[in-house]
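The structure under discussion appears below in the form of structure tokens.
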Amino acid sequence: MLLLIFRVRLLFTLTVGGACLFAPRLCAQVCLPGDLRVVVIDSQESFVFDADVSVASGTRTLGNRSTGTLGYAEFQQTPCGAWTATVAKEGFETATREVQITSSANVVIRLIVTPKMQTSSVDVVEPVGPLEQSAAQQNQLQPAEVKALPTNPATVNETLPLVPGVVRAPDGELKIGGNGQERSAMVVNSTDITDPATGKFGQSLPINSIETVTVLTTPFLAQYGRFTQSVVAVETRRGGEKWHAELNDPFPDFRVRSHHLRGIRNETPRSSLGGPLIHNRLYFMSSLQYFLEKAPNRTLYFPFNVSKQESVNSFSQLDWALSTRQLLTATFHFSPQHTNFVNPDFFHPQPVTPSYAQHNYVGTVIHHFGLLNGILDSSLSIQRFDVTVGAQGSAAMALTPEGNSGNFFGTQDRSASRNEWLEAYSLTPLRAGGTHLVKLGSSNTWSGDDGRLGYRPVEILDSAGRLEERIDFSNPPPYSRSDLEVTAYGQDHWSLTPKLSFDYGARVEHQRLAQNLRVGPRGGAAWSPFENRRTVLRAGYGIFYDHLPLDIYTFSRYPQRTVTMYSPDGSVLGAPVVYQNVIGSITGPRSFFVNHEQVAGAFSPRGATLNLQIEHNFPRLLRLRAVYTDNQSVGLVALEQDNSGATDRIVLNGDGKARYRQAEVTAKFAWKGGQQIVVSYTHSRSEGNLNLYDGFLGSFPTPLVRPNLYGNLPADLPNRVLLWGSFESHVWNVKVLPIVEIRTGFPYARVDAMQNYVGVPYSDATRFPDFFSADARFMRDFKVTPKYTLRLSVTANNITNHFNALAVHANIADPQSGVFFGTYPRRYRGDFEIVF
């Protein structure tokens, strides 16, 4: 059945759009000049000071600019059309790149300059892909490319599913390489912003404050650490020499059901403002986002299927050019958030769901200093993460084959903090058997986690409502943990010839609570076999270590469980069993690169990763890349039940394993006017131990401890095809932005009335049906005045109305066992935005 979501702003969109179509003088289509920013970095991802940047098109030129202490040059009032940006810097090869300026666009491009060889100089005359970050697989997203897509991403986290290997699981959490966020790192301007208590990303930055988002699968630069899967590296946007403001989604969506208005569905206004407070000296940039959404789940009936989410997300940045060699940057991120009824569905109706509130504060000061022909970067960050998890009531939580009832069992209040001091020095290019770019760095991180947990009873009932098992929890005192982590690294990019380069280095880490010293060597190479350098072969191998969140070391203070079994007549079977929470001493296989004693908590989760890649840039239109990645991890922290000794225990040990293999082919088609289509196919397998710590610790733990089996992980997706991009239609000059995703269904686990696994959990035999979704946004900009642009759009979701199941009856005692249900049918929405 076709579902039409009528909205007030859709009517406004159609009204204004019609006026623009029939009154061209009101909304004239004129291609007005835009602004171009050229950011210049080296192979160590450091800004390059005092580089000369020129922009030309045929015989036209916009003149020369210097990157100064900011690391970028701006060209305001750039006429529409194709332009070529050229960067020249003493000691580096000249680099060029073509860029397309559309009407009133604010375009940001990044150019990587290569150290110049002693014997030869080769200018990059076509966009051939830099050799510098050679062995790593990189996927870079820019806000201008993605924020207008049908998914309407508002934060960094919401852009990540556009990357091959990153998906959003049924519970709403991002999975990277089949694993949870705690095995990856998120850094903003080189500063780690993950929650020190859980290791998860939390609420990320507003997309309007972002310059680039780069997902690096096993980067082989030693400056990156605290991960075994991937790094999400974010660079924030600076204010420029011209004031710029933007307002997106200013009006709410209204919910209309049975031709009656049923209140506000969501309200998501986003704004940004940036410009010079003092020209050529002090710059300001700020983004503010308010988010109110009453998100429905289609496995339940309205109004008992709504999760109410409300948040404010604010990021501000000041850049002060102290001198010709110094730049001071200060940022502040403030993001309070509250959600009532977290992820309700058929099996977890609203009364069973938790509530969640957080207050995050991240302040950072960064000093860039040109010292001895090199660059010294110093950074100090102060972060706070306050979280409260509540329940809808005080009733015991009941688990039944047909679904759960009662109230969520676990409540908590915690306050985590991180203070981080980073130092990095990038040396001037050195000449010795080629050219070397050397970078040295260190960090000192102090973190803390204080809080209190309260767990209520959990009951397991059969289909007839008879009590089979009850879990009671103790009432432990508050906990407090603190940690100190010290790291140092050295890395070198060695350009042996213009066609052959190497990246190698090592990272040394010591974490006080883990009581060990870890060394992570890594290295890679890139080779361009042909003279035109359009083909690049890359390979790399490295050892990477996870950061251990503080929740792991609070486990001994978690509530202890007492398990009581019952017979069908309601009598107690045997004596209740009391389980102690123990941080174990099993640390997995020994390693030459890890120095630790066999003591409790001396964990060293690590991954060894191989990466092979070939990339070819065709002269026009197409860039093609094929990648193979193999990540084998050991020493992962996992939880298991131990009944073998005199005392029954729930133990955290460091003997977990996982493996992720991915073969990816990505094609990027780009043509005039900034039009592009990105198509990727990913074949992957993710397997490992099922009881990794993140399922039992953190904000929303599971109450049951099942056997720690090894098999497919819940986010395993063997096949995934993803298409997205934008192009101009010849009909009314409408811009079309499609997203198409075809993938294997997620695996699920079958269980019995006692909630125990039946057969092999998460096997290929128990998967959701294949997923197919085709979305598109149709958008047109109208220049109302030289200052104001009106953007009108209509978005269609699930255009083919394909059945994409949201849930399955996975309990074999459920009369509907094996039935898939719930889907989001075809739907439309209208939007308008103001850019000025």
Matching residues in region 341-366 - criterion: being of a type in the set (S, T, N, Q) and in contact (Cβ under 8 Å) with a residue 60 or more places away in the chain: Asn343, Gln358, Asn360, Thr364
Which numbered condition Asn643 fails, given (1) at pLDDT below 95; (2) within 30 Å of Gln613 (Cα to Cα): (2)
Residues of region 156-213 satisfying the condition of being open to solvent by less than 20 Å² (accessible area, probe 1.4 Å), of a type in the set (Asp, Glu) and either at pLDDT below 90 or outside any helix (DSSP H, G or I) (or both): Asp192, Asp195, Glu211
Evaluation of Pro351 against (1) part of a strand (DSSP E or B); (2) modelled with pLDDT of 95 or more (one fails), failing number: (1)
Filter result (in a loop (DSSP other than H, G, I, E, B) and out of contact with any Asp or Glu (no Cβ under 7 Å at 6 or more places or on another chain)) within region 47-69: Phe49, Asp50, Ala51, Gly58, Thr59, Thr69
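Of the residues that sit in region 762-782 and are of a type in the set (Phe, Trp, Tyr) and assigned to a loop (DSSP other than H, G, I, E, B), which one is surrounded by the most Cβ atoms within 10 Å (Cβ to Cβ)?
Of the residues in region 762-782, the ones of a type in the set (Phe, Trp, Tyr) are 762, 768, 771-772, 778, 782.
Filter once more, keeping what is assigned to a loop (DSSP other than H, G, I, E, B): 762, 768.
Details: Tyr762: 22, Phe768: 18.
Among those residues, the one meeting the criterion is Tyr762.
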Sole exception among (1) modelled with pLDDT of 90 or more; (2) open to solvent by less than 10 Å² (accessible area, probe 1.4 Å); (3) aromatic (Phe, Trp, Tyr) for Tyr224, by number: (2)
The one condition in (1) part of a loop (DSSP other than H, G, I, E, B); (2) open to solvent by 50 Å² or more (accessible area, probe 1.4 Å); (3) modelled with pLDDT of 90 or more; (4) charged (D, E, K, R) that Lys242 fails to fulfil: (3)
Selection count, region 112-143, where residues are hydrophobic (A, V, I, L, M, F, W, C), farther than 18 Å from Leu221 by Cβ and at pLDDT below 80: 5
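Name every residue in region 583-626 that is in contact with a helix residue (DSSP H, G or I) (Cβ under 7 Å, 6 or more places away or on another chain) and open to solvent by 30 Å² or more (accessible area, probe 1.4 Å), in order of residue number. Step through it out loud before you land on a result.
First, pick out the residues of region 583-626 that are in contact with a helix residue (DSSP H, G or I) (Cβ under 7 Å, 6 or more places away or on another chain): 583, 601.
If the condition is that a residue be in contact with a helix residue (DSSP H, G or I) (Cβ under 7 Å, 6 or more places away or on another chain) and open to solvent by 30 Å² or more (accessible area, probe 1.4 Å), then Ile583 is the only one that fits.
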Search result, residues across region 703-743 that are in contact with a Phe, Trp or Tyr (Cβ under 6 Å, 6 or more places away or on another chain) and of a type in the set (S, T, N, Q): Asn712
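Looking at the structure I just gave you, is Thr554 hydroxyl-bearing (Ser, Thr, Tyr), in contact (Cβ under 8 Å) with a residue 40 or more places away in the chain and not in a strand (DSSP E or B)? First the steps, then the outcome.
Numbers: hydroxyl-bearing (Ser, Thr, Tyr): yes; in contact (Cβ under 8 Å) with a residue 40 or more places away in the chain: yes; not in a strand (DSSP E or B): yes.
In short, yes.
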Within region 783-836, considering residues that are open to solvent by less than 40 Å² (accessible area, probe 1.4 Å), under 17 Å from Leu737 (Cβ atoms) and of a type in the set (A, V, I, L, M, F, W, C), the one modelled with the highest pLDDT: Ala796
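Please find, among Ala488, Ala506, Ala514, the residue that is among the small types (Gly, Ala, Ser), within 27 Å of Val594 (Cβ to Cβ) and modelled with pLDDT under 95.
Numbers: Ala488 fails: modelled with pLDDT under 95; Ala506 fails: modelled with pLDDT under 95.
From the options Ala488, Ala506, Ala514, the qualifying one is Ala514.
What number of residues in region 724-745 are farther than 23 Å from Leu792 by Cα, in a strand (DSSP E or B) and open to solvent by less than 60 Å² (accessible area, probe 1.4 Å)? Show your work before the answer.
The initial filter retains those residues of region 724-745 that are farther than 23 Å from Leu792 by Cα, namely 741-745.
Now narrow it down to the ones that are in a strand (DSSP E or B): 741-743.
Now restrict to residues that are open to solvent by less than 60 Å² (accessible area, probe 1.4 Å): 741, 743.
Qualifying residue count for the region: 2.
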Verdict on Ser184 being of a type in the set (Gly, Ala, Ser) and under 21 Å from Asn631 (Cα atoms): yes
Failed criterion for Gln392 (all others in (1) open to solvent by 50 Å² or more (accessible area, probe 1.4 Å); (2) part of a strand (DSSP E or B) hold): (2)
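Is it the case that some residue within region 557-573 is touching a residue at least 60 places away in the same chain (Cβ under 8 Å) and in a helix (DSSP H, G or I)? Steps first, answer last, please.
So in region 557-573, the residues touching a residue at least 60 places away in the same chain (Cβ under 8 Å) come out as 557-566, 568, 570.
Subset that is in a helix (DSSP H, G or I): 557.
Checking region 557-573: at least one residue is touching a residue at least 60 places away in the same chain (Cβ under 8 Å) and in a helix (DSSP H, G or I).
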Test: residue in region 457-480 that is touching a residue at least 40 places away in the same chain (Cβ under 8 Å), assigned to a loop (DSSP other than H, G, I, E, B) and crowded, with 21+ Cβ neighbours inside 10 Å: no
Every residue from region 70-80 that is over 11 Å from Val40 (Cα atoms) and either within 32 Å of the chain's Cα centre (by Cα) or open to solvent by 20 Å² or more (accessible area, probe 1.4 Å) (or both): Glu74, Phe75, Gln76, Gln77, Pro79, Cys80
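Please go through region 818-836 and pick out each residue that is in a loop (DSSP other than H, G, I, E, B) and under 22 Å from Tyr301 (Cβ atoms).
From region 818-836, those in a loop (DSSP other than H, G, I, E, B) are 818-819, 822-826, 836; that's our starting set.
Passing the criteria: Val819, Gly822, Thr823, Tyr824, Pro825, Arg826.
Restricting attention to region 702-712, which residues are within 22 Å of Glu664 (Cβ to Cβ) and modelled with pLDDT under 95?
Step one: list which residues in region 702-712 are within 22 Å of Glu664 (Cβ to Cβ), which gives 712.
Selection gives nothing.
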Selection from region 671-680 of residues that are surrounded by fewer than 18 Cβ atoms within 10 Å (Cβ to Cβ) and assigned to a strand (DSSP E or B): Trp671, Gln675, Gln676, Ile677, Val679
Test for Ala646: is it within 23 Å of the chain's Cα centre (by Cα), surrounded by fewer than 19 Cβ atoms within 10 Å (Cβ to Cβ) and more than 18 Å from Pro714 (Cβ to Cβ): no
Enumeration of residues in region 308-327 that are under 24 Å from Val48 (Cβ atoms), part of a strand (DSSP E or B) and of a type in the set (D, E, K, R): Asp319
Tabulated pairs, region 144-162, first over 21 Å from Ala667 (Cα atoms), second assigned to a loop (DSSP other than H, G, I, E, B) and open to solvent by less than 20 Å² (accessible area, probe 1.4 Å), C-beta under 8 angstrom, 6+ apart or interchain: Asn152/Asp249; Thr155/Ser204; Thr155/Leu205; Val156/Ser204; Val156/Leu205; Asn157/Phe201; Asn157/Ser204
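The values are calculated or read from the model by the stated rules, or taken from the named source; none is laboratory data. Keep in mind that what you see is a predicted model, and the values were worked out from it rather than measured. Please note: Cβ atoms are built from the backbone with ideal geometry, for glycine as well, and neighbour counts cover all protein chains shown. We work out accessible area using only protein heavy atoms, side chains counted, and drop any ligands, DNA or RNA first. Shrake-Rupley method; radii C 1.70, N 1.55, O 1.52, S 1.80 Å.
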